[in-house]
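**Student:** Below is one structure. I have some questions about it.
The values are calculated or read from the model by the stated rules, or taken from the named source; none is laboratory data. Nothing here was measured: the structure is a model prediction, and the numbers come from that model. Don't worry about glycine lacking a Cβ; one is built from the backbone with ideal geometry, like all the others, and counts go over all protein chains shown. These accessible areas exclude ligands, DNA and RNA; they are computed on the full protein's heavy atoms, side chains included. Shrake-Rupley method; radii C 1.70, N 1.55, O 1.52, S 1.80 Å.
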Amino acid sequence: MRSMKDFDADVIVIGLGAWGSSTLWRLAERGVRCIGIERYGINHAFGSSHGYSRLFRIACQEHPDLVPLARRSRDLWRELEDRSSEELLFETGLLTVGKPESDMVSGAIAAGEKFGVELEQFSAEEVRAKYPAYATVADDEVGIWDAAAGMLRPDAAVRSANEAAIAAGAQTFFDSKVTGVELVDGGVVVTTAGRIFAARQVIVTAGPWLGKLVPGLPVTPLRTPMQWFESRLGESDPSFEIDQFPAFMRRIENGVSLWGHGRAFGEPVKIGLGIDKGAFDPTDPDECDRGINPARDWTVLSRSIEQLFPGLDPVPSMSRPCMIAVTPDDQFLIGRPGNDPRLLIGGGCSGHGFKHATGIGELLAQMSLGEEPFMNADFVDPNRFDSASQLRKAS
Ligand SMILES: Cc1cc2nc3c(=O)[nH]c(=O)nc-3n(C[C@H](O)[C@H](O)[C@H](O)COP(=O)(O)OP(=O)(O)OC[C@H]3O[C@@H](n4cnc5c(N)ncnc54)[C@H](O)[C@@H]3O)c2cc1C
């Protein structure tokens, strides 16, 4: 047995998707001796962080206390752009549409009011006049415009965070699946097929696989197919360009919502179903069905598009399966399960975590070093769930 004095690193980060890459970058920036381990290659398409675009919002309707996280993330996305010379965040604005009392509209307003986010409110008539694709908006609906929101480029963002981490001194190991995480006296032993690593702490940011490496956490991986659409008038129809059909969230009724954006940066119109209860099937992340099945994958979505955006062909022009991991309250799990000083986790993204990746990386780096966190992190503490708080006692 090797001595825990022979640490390979102070901190090992397992999983280099958006959250892990950002965490590695923020650790390396602080001069921490850190190693990142990823089972696949960079920008692989099996987890949550790949693709053309992710929506970015400041007035986060999921929880008002996400606003400071979104703001810190925005500053760090800009810092990462400076490091990488790649444009990552485009502030093209975002429109939330629904009844004033709906969770999306009231949530965005509450977040905006708590933290002074400038939001514009449009009547249904104004929404219809400004955005031709929204002709079906009902008179009792409103639009909320978050001008500082927009879109991120995920592949470039993950690549840039990895490169910035390496430039700041981090070591990375790709195509290296972690098969064991053992908490031992004074540290942690992480096993891959080719090597055993020892460190003082481990941060597990394994996305949909989090529960495989840290069993007992309240996370459920879901298979979440993603679809793209075209205008019935073809690619030259200006009403579905990003300036006329901006990034949006739209509450239709209880249990059904849509989100997406118009044609932008070479990507067709993208529309997805919201992560409402029962919208997607749970999956074992190692057995996720990567095939496409129209009846299962877009029946509800196509029906909603036909009803709400009749200018679009409701049959997708492209479809790809992806995965996310959800928690019982749709908030993240960021912190130390069972308050174990050797283990930090970042997961349970619940479908709204890309925009916050850099801020989450910063938060995890602060937590690992015992720094004062830049935000209130109680609502994302894994120990709010009994199953997580009991983990240390069980181990
Ligand atoms: C279709 C879709 C659309 C989305 N849209 C938005 C959006 O508009 N806005 C937004 O903010 N968020 C959005 N999200 C959510 C967002 O993409 C995720 O919150 C984010 O990508 C989570 O990143 P992650 O690093 O936690 O997970 P992942 O990207 O899955 O990274 C986890 C990594 O861990 C690795 N790993 C797992 N097990 C092991 C192991 N044993 N050994 C080594 N490595 C391992 C995996 O290979 C993977 O690379 C969307 C998600 C999907 C799927």
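**Student:** Rounded to whole Å, give me the distance from the Cα center of the stretch 87-134 to that of the stretch 233-282.
**Tutor:** The stretch 87-134 and the stretch 233-282 have Cα centres spaced 14 Å from each other.
**Student:** Where the accessible area of the chain is counted over protein heavy atoms with a 1.4 Å probe, how much of it, in %, is carbon and sulfur?
**Tutor:** 50
**Student:** Which of Ser49, Ala149, Leu210 sits closest to the plus end of the dipole of the chain, meaning its Cα is farthest towards the positive end, when Lys and Arg get +1 and Asp and Glu get -1 on the C-beta?
**Tutor:** Of the listed residues, the answer is Leu210.
**Student:** Whole-Hz ³J(HN,Hα) for each residue in the stretch 173-185, computed from phi via Karplus 6.51 cos²θ - 1.76 cosθ + 1.60 with θ = phi - 60°, x for glycine and proline: what do you get?
**Tutor:** 10, 9, 6, 10, 6, 6, 10, x, 10, 10, 7, 10, 4
**Student:** Could I ask something else about it? Could you go through the stretch 268-276 in sequence order and give the Karplus-derived ³J(HN,Hα) for each residue, using 6.51 cos²θ - 1.76 cosθ + 1.60 with θ = phi - 60°, rounded to whole Hz, and x for Gly and Pro?
**Tutor:** Running phi through 6.51 cos²θ - 1.76 cosθ + 1.60 with θ = phi - 60° gives x, 4, 10, 9, x, 7, x, 7, 7 Hz.
**Student:** Per residue, how large is the accessible surface of the chain? Use a 1.4 angstrom probe and give square angstrom.
**Tutor:** Numbers: 15740 Å² over 395 residues.
With all protein chains present, the chain gives 40 Å² per residue.
**Student:** Now for a separate question. Ordered by residue, what ³J(HN,Hα) values in Hz, to whole numbers, does the stretch 63-69 give under the Karplus form 6.51 cos²θ - 1.76 cosθ + 1.60, where θ = phi - 60° and Gly and Pro are x?
**Tutor:** 5, x, 6, 7, 4, x, 5
**Student:** While we're looking at this one, here's another question. Hey, can you grab everything whose amide H is under 5 Å from the amide H of Cys349? Only 5+ residues off in sequence or another chain; H modelled, so Pro and N-termini drop out.
**Tutor:** Excluding prolines and chain starts, which carry no amide H, the hits are Ala325.
**Student:** Would you please classify the overall shape of the stretch 122-238 from the alpha carbon gyration tensor, given that a ≥ b ≥ c denote the square roots of the eigenvalues, rounded means a/c under 1.5, and beyond that prolate means a/b larger than b/c while oblate covers the rest?
**Tutor:** Prolate is the answer for the stretch 122-238, as a/c is 1.5 or above and a/b outweighs b/c.
**Student:** Looking at Leu94, Ala199, Ala129, which one has the Cα that reaches farthest to the positive end of the dipole of the chain (charges on Cβ: Lys, Arg +1; Asp, Glu -1)?
**Tutor:** Farthest along the dipole direction, towards plus: Ala199.
**Student:** If you don't mind, there's one more thing I want to ask. Hey, in the GNM for the chain with a 10 angstrom Cα cutoff, which one of Arg223, Arg159, Arg303 fluctuates hardest?
**Tutor:** Taking springs between Cα atoms under 10 Å, the residue moving most is Arg303.
**Student:** In nm, give the distance between the simple-model label positions of Asp289 and Asp185, each being 7 Å from the Cα along the Cα-to-Cβ direction.
**Tutor:** For Asp289 paired with Asp185, the spin-label model returns 5.0 nm.
**Student:** Still on this structure: Sorted from largest down, what three extents in whole angstroms do the Cα atoms of the stretch 120-159 have along their principal axes?
**Tutor:** Rounded to whole Å, the extents work out to 44, 19, 15 Å.
**Student:** For helix 294-308, what angle does its Cα long axis make with the longest principal axis of the chain, in degrees from 0 to 90 and rounded to 10?
**Tutor:** The helix 294-308 is inclined about 40 degrees to the chain.
**Student:** Where the only charges are on Cβ atoms (+1 Lys, Arg; -1 Asp, Glu), what is the dipole of the stretch 288-327 about its Cα centre, to the nearest 20 debye?
**Tutor:** Dipole size: approximately 120 debye.
**Student:** Over the Cα atoms of the stretch 286-327, each weighted equally, I'd like the Debye log10 I(q)/I(0) at q = 0.32, 0.34 Å⁻¹, rounded to two decimals.
**Tutor:** -1.13, -1.19
**Student:** If one takes the longest principal axis of the Cα atoms in the chain, at what angle in degrees, from 0 to 90 and to the nearest 10, does the Cα axis of helix 103-115 lie?
**Tutor:** 60
**Student:** Could you tell me which residue out of His63, Pro246, Ser387 lies farthest along the dipole of the chain toward its positive end? Charges go on the beta carbon: Lys and Arg +1, Asp and Glu -1, centred on the Cα centre.
**Tutor:** Ser387
**Student:** While we're on this one: With N denoting the number of residues in the chain, provide Rg(C-alpha) divided by 2.2 N^0.38 Å, to two decimal places. Let's see the in-between values first.
**Tutor:** On the way: Rg = 21.0 Å, N = 395, 2.2 N^0.38 = 21.3 Å.
In units of the 2.2 N^0.38 Å rule of thumb, it is 0.98.
**Student:** A follow-up question, please. Tally Lys/Arg at +1 and Asp/Glu at -1 over every other residue whose Cβ is under 15 Å from the Cβ of Phe173; what's the total?
**Tutor:** Its environment carries a net charge of +1.
**Student:** Moving to a separate point now. Would you work out the charge dipole size for the chain about its Cα centre, treating the Cβ of every Lys and Arg as +1 and the Cβ of every Asp and Glu as -1, and quote it to the nearest 20 debye?
**Tutor:** My answer is approximately 1220 debye.
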